[in-house]
Amino acid sequence: MKNNSKNQNLETAVFGAGCFWGVEARFAKVKGVVKTTVGYAGGTKENPTYEDVLTKKTGHAETVKIEYDPKIVSYDDLLAVFFKLHDPTTPNRQGPDVGSNYRSLILSVGEEQKQAAEKFIAKLEKEKMFASPIVTEIQPLEKFWPAEEYHQKYFEKHSGESSCYI
């Protein structure tokens, strides 16, 4: 997905790696990342709220949409960050957070991202980077629903306090 914003050709990536506050804070620090938005994706309910997602009945995961400049940071670089900041071997769990809404998830924006993610995972598995098999789901991004404003840039709004396990 390309966006023309301020004469930049930006691309979009969407990842779920548990509590979206910590995931957003980490990706926001990556050189070449222009914008991050926390939200919900990978489920079936239209326009879900945080409370809806917490029920674990919507199919959505807490995710982060990343707009980035591919001339500065590649999709593979973002995949490397993604796999370093969480445990991709635990189904439906990250740290103390349990449920499908905290699953390890890559939402591909196009076939190229899907293939890149599959290749990246195969490389990690071949190199035995983790003691257990990677359970990260890869699915096409159908819709991204931005989370409520109070979730956006959560740690910045709260003096950099970090309560996530990330």
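Values quoted throughout were computed directly from the atomic coordinates according to the rules given, and no laboratory measurement underlies them. Model, not experiment: these values are computed from the prediction. Here the Cβ positions follow ideal geometry from the backbone for every residue, glycine too, while neighbour counts run over all protein chains shown.
Could you please let me know if Glu24 is in contact (Cβ under 8 Å) with a residue 24 or more places away in the chain and either under 17 Å from Pro140 (Cα atoms) or touching a Ser or Thr at 6+ places or on another chain (Cβ under 8 Å) (or both)? The answer is yes for Glu24. Residues in segment 60-79 that are within 19 Å of Glu137 (Cβ to Cβ) and polar (S, T, N, Q): Thr63 alone. Within the span defined as segment 120-135, one or more residues are touching a Ser or Thr at 6+ places or on another chain (Cβ under 8 Å), among the β-branched types (Val, Ile, Thr), surrounded by fewer than 18 Cβ atoms within 10 Å (Cβ to Cβ) and assigned to a loop (DSSP other than H, G, I, E, B). Tell me, please, whether a residue that is part of a strand (DSSP E or B) and either touching a residue at least 40 places away in the same chain (Cβ under 8 Å) or small (Gly, Ala, Ser) (or both) can be found in segment 70-88. Looking through segment 70-88, none of the residues is part of a strand (DSSP E or B) and either touching a residue at least 40 places away in the same chain (Cβ under 8 Å) or small (Gly, Ala, Ser) (or both).
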